[in-house]
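Novice: I have a structure I would like to understand better, so I am pasting it below and will then ask my questions one at a time.
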Amino acid sequence: MTPPSPKPVAVVIGASRGIGRQVAIDLAAAGYAVVVAAKSSGGGDSSSPFPPDPNSPSSTITTVEREIRSAGGEATAIPVDTTDPPSIQRLISTTIEKYHHLDTLIYNPGAIWWAAVSDTPLKRYQLMHRVNTEGLYSTIQAALPHLTQSKLGGRIIVVSPPIYSRFFRGKTAYAMTKVAMSVLTKGLAMDFERQGRKDMAITSIWPAVSIESAATQQFTRKDPSFARDLRTPRIFSDAILAMLKAPAEVVNGQLLLDEDFLREYSGVTDFSKYAVVPGSEPRRIMPVELPDLRVKEQDDEGMRHDSAKERSAKL
């Protein structure tokens, strides 16, 4: 039986390519033992050249694990299908078997279909719901019992957007699933507060500027000049690392933008190093100001009702 890892342990789901890969690599460089999780595996011993294009299918959890280990970090690749709850449970249980604890969960996978409701097949919506909304919920349910035992204070980072109406335009079905993830961030944060878990936090993060990834490659292939409006994934991982270092009360329940958090919390003023095209000034895609979702009656809970306790009392 392996001894518990002295390092903080992070599970990064959706870590085979692009943003997730960068987050996993940077967490390992920051001293985490990283579980690299996604559906794609293989290629770790025979990939040529190595490392592979980080935005291509040749980049897998196996190659990312190899990249981390080659740099002196600690990583374990574990395949997972976020549409399959038993697969998620195996991921978490295997993590605990190997490292004996879990401190951080990063949920990055996402299914995308941007079109009007009339042009969005039900099957597309169902897939997005299963990967984005149900996948996150199932993962949190599996991980929470272990995160609550973290000596460092369990942290969850969710890749989901702030909530504002413009986000729904032209991609309603996608927005329904992503905003639901942000609602989970808000609601679970309130659970932590109500339960007195002051050391725990869940935070959503979204890019202020488009980030170079497998998703944006389709645009740069059509028009190479589009790269001038892209930043590298490093800004996302830098923001996540800053969020993990911040006190829980600063980030719990927040729907944050990478650039804005780095500016306001970490004091970053020069973002030029993140530009994919040196010297370019990528266009911001997110609003500068976002709505506050609280109401005047925010603290009025009315008659508190707990269905779980009521059901237990009846059994």
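Novice: Residue check, residue 112 against (1) surrounded by fewer than 16 Cβ atoms within 10 Å (Cβ to Cβ); (2) not in a loop (DSSP other than H, G, I, E, B), all met but one. Which one?
Specialist: Evaluating residue 112 over (1) surrounded by fewer than 16 Cβ atoms within 10 Å (Cβ to Cβ); (2) not in a loop (DSSP other than H, G, I, E, B) leaves (2) as the failure.
Novice: Let me ask something else about it. From the list 220, 177, 216, exactly one residue is surrounded by 18 or more Cβ atoms within 10 Å (Cβ to Cβ), at pLDDT below 95 and at negative phi. Which is it?
Specialist: Values: 220 fails: surrounded by 18 or more Cβ atoms within 10 Å (Cβ to Cβ); 177 fails: at pLDDT below 95.
Checking each option against the conditions leaves just 216.
Novice: To continue, here is another question. Having 3 or more residues that are out of contact with any Lys or Arg (no Cβ under 9 Å at 6 or more places or on another chain) is the bar; report the helices (runs of 4 or more DSSP H) wholly within the range 193-299 that clear it. Full working, then the answer.
Specialist: On the way: elements: 214-222, 234-245, 248-251, 258-264.
Counting at least 3 such residues, we get 214-222, 234-245, 258-264.
Novice: If I ask for residues that are surrounded by fewer than 21 Cβ atoms within 10 Å (Cβ to Cβ), in contact (Cβ under 8 Å) with a residue 24 or more places away in the chain and either of a type in the set (Gly, Ala, Ser) or part of a helix (DSSP H, G or I) (or both), which ones from the range 147-173 would you list?
Specialist: Once the filter is applied, which keeps residues that are surrounded by fewer than 21 Cβ atoms within 10 Å (Cβ to Cβ), in contact (Cβ under 8 Å) with a residue 24 or more places away in the chain and either of a type in the set (Gly, Ala, Ser) or part of a helix (DSSP H, G or I) (or both), the range 147-173 yields 150, 153, 166, 170, 172.
Novice: Next question, about the same structure. Going through the range 193-213 one residue at a time, which ones are closer than 17 Å to residue 150 by Cβ and either among the hydrophobic types (A, V, I, L, M, F, W, C) or buried (at least 18 other Cβ atoms within 10 Å of the Cβ) (or both)?
Specialist: First, the residues of the range 193-213 that are closer than 17 Å to residue 150 by Cβ: 195-203.
Result: 200, 201, 202, 203.
The values are calculated or read from the model by the stated rules, or taken from the named source; none is laboratory data. Because the structure is predicted, anything quoted here is derived from the model rather than measured. No Cβ is skipped: glycine too gets one built from the backbone with ideal geometry, and neighbour counts run over all protein chains shown.
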